[in-house]
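Encoded as structure tokens, the structure appears first; notes follow it.
None of the figures in this text is laboratory data; all of them are computed from the coordinates on show. Note that the structure is predicted; figures quoted are calculated from it, not measured. As a convention, Cβ positions derive from the backbone with ideal geometry for all residues, glycine included, and neighbour counts pool all protein chains shown.
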Amino acid sequence: MPMDTAVQQRNTLEGQLRRDTVLWRYLDAAKLFDFFENSTLFFCRADHFSDKFEGAFTPSLREQISRAHACGEIGYDYEQFKRRMRESVFINCWHRNQDDSAAMWALYGKSDCAVALTTTVGQLADVLEGISEHKTSIVRVEYVKHWRDPKLDVSPDYTRIFAYKTKAYEYEKEVRVVVDRSGDEAGPPADPGIVVPVDATRLLRSIVIAPDAPPWFEQLVRQSAGRYGVRAPVRRSKLATDPI
């Protein structure tokens, strides 16, 4: 491992992200109440995303990996290398925006009874610092056209490939937390994801209610937040405001 978790996070923030950048995570009601109850974030295993380009290498990088295998520098051929890495990396996704997004409500809220948790890059980094023995980084996703063989920066190691997605997803404006468990002696976990405990009171900047949520749902969220000791303000989306 080239760096410990805390150092890796700080270096990532210095190079790509401002600590005051606002992040959004859109949730349906079931996931919200699971968050209230358990105070965990879910990290999806990289090979369980629907995007076929997730963790995809460009032709140049594929050739580089194949050449390293042929020379005996690594013990896996390209397909084995890609599969093992996708099985060993776990990702938690956020939307980078100052305000909420109608598209994100439709895609990830999935119903009128939905919310968005907001935080900042700095709060997220502080909550995650030192929480795992595995290498953890916070990266701003760059959107590329893989088929044009763009030059991708995969230093200090190949897990940086998860900082790139295909251009078709550019509207997501994604910031992701990447946990690398490739060093586990027992091999990659078989589960489709892992949960990481967090301090909700330190993580949350606000809780935003979906613009079309019924009044009873807003009241339920407010009551539940108070019951669980969540001090972050609860407000309705500005998209619900009637124009003047």
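How many residues, within the stretch 166-205, are acidic (D, E) and in contact with a Ser or Thr (Cβ under 6 Å, 6 or more places away or on another chain)?
Step one: filter the stretch 166-205 for residues acidic (D, E), giving 170, 172, 174, 180, 184-185, 191, 199.
Checking the rest, the ones that are also in contact with a Ser or Thr (Cβ under 6 Å, 6 or more places away or on another chain) come to 180.
Going through the stretch 166-205 one residue at a time, the tally reaches 1.
Considering each of V234, V221, V139 in turn, give the residue that is surrounded by 14 or more Cβ atoms within 10 Å (Cβ to Cβ), within 21 Å of the chain's Cα centre (by Cα) and of a type in the set (A, V, I, L, M).
So the residue among V234, V221, V139 that is surrounded by 14 or more Cβ atoms within 10 Å (Cβ to Cβ), within 21 Å of the chain's Cα centre (by Cα) and of a type in the set (A, V, I, L, M) is V139.
Checking the conditions here, which among D242, D184 is free of Cβ contacts under 8 Å to residues at least 40 places away in the same chain, surrounded by fewer than 18 Cβ atoms within 10 Å (Cβ to Cβ) and part of a loop (DSSP other than H, G, I, E, B)?
D242
In this structure, does A103 turn out to be outside any loop (DSSP other than H, G, I, E, B), small (G, A, S) and over 20 Å from L41 (Cβ atoms)?
Spelling it out, A103 is indeed outside any loop (DSSP other than H, G, I, E, B), small (G, A, S) and over 20 Å from L41 (Cβ atoms).
Can you confirm whether the stretch 215-229 contains a residue that is more than 22 Å from V127 (Cα to Cα), in contact (Cβ under 8 Å) with a residue 12 or more places away in the chain and not in a helix (DSSP H, G or I)?
no
Just give me the residues in the stretch 151-181 being free of Cβ contacts under 8 Å to residues at least 40 places away in the same chain, part of a helix (DSSP H, G or I) and of a type in the set (D, E), in sequence order.
E170
Given the conditions (1) more than 20 Å from E54 (Cβ to Cβ); (2) in contact with a helix residue (DSSP H, G or I) (Cβ under 8 Å, 6 or more places away or on another chain); (3) among the aromatic types (F, W, Y), and given that Y143 satisfies all but one, which numbered condition is not satisfied?
(1)
Of all the residues that make up the stretch 62-90, how many are over 24 Å from K52 (Cα atoms) and outside any helix (DSSP H, G or I)?
The total comes to 5.
Please verify whether D126 is part of a loop (DSSP other than H, G, I, E, B), charged (D, E, K, R) and either under 17 Å from the mean Cα position of the chain (by Cα) or closer than 30 Å to F217 by Cα (or both), treating the condition exactly as stated.
Judged against the criteria, D126 is not a match.
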